[in-house]
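*Asks:* Here it is, the structure in full.
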Amino acid sequence: MTIRLAIIIMSALGMMSDTVLIGFYPQFFDMRYGNTDQVHTGMYVAAISIAVMCTLPFWVRVAKRFEPMSLIGFTQCIAGLLCLSAIWAETLTQYWVLTMLMFMFKSSYLLMFPYLMRIVNSEEHGRTIALLSVVVHISGILAAASGGYILQHLGASAALILMAAGDFGQMAITLWLNRSGKIIKVNNQREIGAQDIKDTAAIVADDATAPAPVSARRGFSHLTKGILTLSMIMFVFDFSAYLIRPFFSEYWMYATAHKDQTLAGLIFAIPGLAAVVALIVKHKLSASATQRNENLSWNLLLSLVGLYLQSIPSDIAIVIGRCMYGWGLFQVAVKLEVSLFAISRKEDYAHHFSITNFFQNLGVLISSWCAGYIVSLISHQAVFLIAAVGIALTWLANKLTLDLDHIKASAESPDATTDRSSEIELESRHV
């Protein structure tokens, strides 16, 4: 097993562990603690985002002293133990404390993504991100389906055991990688002068003629502005895309009179299936057709229409809407991630990833918090309509700023593409 395959498997395990209960927290809290407050559910999901967004920058700093993959093994072990301990939490307060600590340690597994981007050639970034996205979506399908079934037939404690199993699975893979010597180390290697490092940052179209030198103040300001602007676009998109998530399974059962939670989990997972189909289609298209298929404006429109259709209390409308929403969500998410690694520089991947991840989690946090109030004060349908307005704002923000469909990356030097060991050596001072 190569390290790339290992990271893909670990990503799947991490996603399954994270999403086993994500669509079923209203039922989970009712079943376990008798709490039916929708605002509480929204606040809990928001707190998960706070835990991740506040601790990931810390893990980025720690990973400068310890190899990222070794660090992930240690932190996932602790996360798994905390998850198991939450089974015996007798009160909501105890459950909150234990699971928030769990998510703080669990967030370190996100270091895998910038790490993987560093050890593959830049021309492979789009393909790798798309593959990871599909793996994550497939894992979401399995987790949502199994989460609903386990919660309904085996109980809340079994769902927590499945979450912990994902953490221990990641720990086991990192131990195997360490023992087999397959980990590519990125810390404590030979320093090489900055003059030998090529700036492979992409150039935003409106002031792009040549890449700025690494040490240039103007280049730094330009890069920082691009990352922060992209972060704001990601913030608006993630707020809109995830606004419907905490209460979707509850909405499905309310809108269609289908009370089976396993079926609700499968409907919840339709966007993941749409992402798999989108990846297969993407590999079959010609270069020009692929470019049109990846157009950000088109996919945002598709997501917007999909959200509107889901607000209609009809089985067929909701299923069609989930398909459209899932296709658009996948394409937009991949486009935004590819744009991050195009705008950034290799030695800054982890740092810039932590910045964008902060804003993404902030969007998820605020959306989770708002969703509880929207559902309790207005209706389930209002969540979908407000999310659609947010997608429209995402389109407007992109058009007025970066216009990501027109970003072009500068050519990478031959040395960087032909000698990967030298490339890793050049980047060894950063995570």
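*Asks:* Looking only at region 223-241, which residues are over 16 Å from residue 391 (Cα atoms) and either without any contact (Cβ under 8 Å) to a residue 40 or more places away in the chain or among the polar types (S, T, N, Q) (or both)?
*Replies:* Residues satisfying the conditions are 224, 225, 229.
*Asks:* Can I ask one more? Taking into account only those residues within region 10-62 that are within 19 Å of the chain's Cα centre (by Cα) and of a type in the set (Ser, Thr, Tyr), which is farthest from residue 76 (Cα to Cα)?
*Replies:* Checked region 10-62; the qualifying residue farthest from residue 76 (Cα to Cα) is 44.
*Asks:* If you don't mind, there's one more thing I want to ask. Filter region 336-363 for residues that are buried (at least 24 other Cβ atoms within 10 Å of the Cβ) and of a type in the set (A, V, I, L, M); which is nearest to residue 57 (Cα to Cα)?
*Replies:* Top of the filtered list is 350.
*Asks:* Tell me the residue from 15, 31, 53 that is surrounded by fewer than 22 Cβ atoms within 10 Å (Cβ to Cβ) and more than 20 Å from residue 372 (Cα to Cα), please. First the steps, then the outcome.
*Replies:* On the way: 15 fails: surrounded by fewer than 22 Cβ atoms within 10 Å (Cβ to Cβ); 31 fails: more than 20 Å from residue 372 (Cα to Cα).
After applying the criteria, what remains is 53.
*Asks:* Residue 273 passes all but one of (1) outside any helix (DSSP H, G or I); (2) farther than 24 Å from residue 365 by Cα; which number fails?
*Replies:* If we test residue 273 against (1) outside any helix (DSSP H, G or I); (2) farther than 24 Å from residue 365 by Cα, just (1) comes out false.
*Asks:* Six or more apart or on different chains, Cβ under 8 Å: which pairs go from a residue in region 141-166 that's farther than 11 Å from residue 13 by Cβ and of a type in the set (Phe, Trp, Tyr) to one that's assigned to a helix (DSSP H, G or I) and modelled with pLDDT under 80? Could you list them?
*Replies:* 149/261; 149/262; 149/265
*Asks:* A further question follows. Name the residues in region 43-75 that are outside any helix (DSSP H, G or I) and out of contact with any Ser or Thr (no Cβ under 9 Å at 6 or more places or on another chain), would you?
*Replies:* 64, 65, 66, 67 - these are the residues of region 43-75 that are outside any helix (DSSP H, G or I) and out of contact with any Ser or Thr (no Cβ under 9 Å at 6 or more places or on another chain).
*Asks:* Moving on. Which members of region 326-369 meet the condition of being more than 23 Å from residue 226 (Cα to Cα) and either in contact with a Pro (Cβ under 6 Å, 6 or more places away or on another chain) or without any contact (Cβ under 8 Å) to a residue 12 or more places away in the chain (or both)?
*Replies:* Within region 326-369, 326, 368 meet the criteria.
*Asks:* Just need a number here: residues in region 106-155 that are among the basic types (Lys, Arg) and over 30 Å from residue 250 (Cα atoms).
*Replies:* 2
*Asks:* Taking residue 58, is it crowded, with 16+ Cβ neighbours inside 10 Å and either within 15 Å of residue 107 (Cβ to Cβ) or touching a helix residue (DSSP H, G or I) at 6+ places or on another chain (Cβ under 6 Å) (or both)?
*Replies:* no
*Asks:* Are any residues in region 379-415 at pLDDT 80 or above, in a loop (DSSP other than H, G, I, E, B) and out of contact with any helix residue (DSSP H, G or I) (no Cβ under 9 Å at 6 or more places or on another chain), and if so, which ones?
*Replies:* 379
*Asks:* Mind checking which residues of region 17-42 are in a helix (DSSP H, G or I), among the aliphatic types (A, V, I, L, M) and at pLDDT below 85? Please lay out each step first, then the result.
*Replies:* Of all residues in region 17-42, those in a helix (DSSP H, G or I) come to 17-19, 25-33, 38-42.
Filter once more, so that each one left must be among the aliphatic types (A, V, I, L, M): 31, 39.
Scanning region 17-42 gives a single hit, 39.
*Asks:* Oh, and also: Tell me the residue from 146, 231, 157, 221 that is surrounded by 13 or more Cβ atoms within 10 Å (Cβ to Cβ), among the small types (Gly, Ala, Ser), at pLDDT below 85 and assigned to a helix (DSSP H, G or I), please.
*Replies:* That would be 146, the only listed residue that is surrounded by 13 or more Cβ atoms within 10 Å (Cβ to Cβ), among the small types (Gly, Ala, Ser), at pLDDT below 85 and assigned to a helix (DSSP H, G or I).
*Asks:* Can you pull out the residues in region 32-51 that are out of contact with any Gly (no Cβ under 7 Å at 6 or more places or on another chain) and of a type in the set (A, V, I, L, M)?
*Replies:* 45, 46, 47, 48, 50, 51, listed by residue number.
*Asks:* Let me ask you something else. Test residue 384 against the stated conditions and say whether it is buried (at least 21 other Cβ atoms within 10 Å of the Cβ), more than 30 Å from residue 128 (Cβ to Cβ) and in contact (Cβ under 8 Å) with a residue 12 or more places away in the chain. Spell out how you get there, then give the answer.
*Replies:* Numbers: buried (at least 21 other Cβ atoms within 10 Å of the Cβ): yes; more than 30 Å from residue 128 (Cβ to Cβ): yes; in contact (Cβ under 8 Å) with a residue 12 or more places away in the chain: yes.
Considered against the rule, which asks whether it is buried (at least 21 other Cβ atoms within 10 Å of the Cβ), more than 30 Å from residue 128 (Cβ to Cβ) and in contact (Cβ under 8 Å) with a residue 12 or more places away in the chain, residue 384 comes out as yes.
*Asks:* Let me ask something additional. In this structure, is residue 316 out of contact with any Asp or Glu (no Cβ under 7 Å at 6 or more places or on another chain), free of Cβ contacts under 8 Å to residues at least 40 places away in the same chain and among the β-branched types (Val, Ile, Thr)?
*Replies:* Taking the combined requirement at face value, the residue satisfies it.
The values are calculated or read from the model by the stated rules, or taken from the named source; none is laboratory data. Because the structure is a prediction, the values reported are computed rather than measured. Here Cβ is always computed from backbone atoms with ideal geometry, including for glycine, and neighbour counts include all displayed protein chains.
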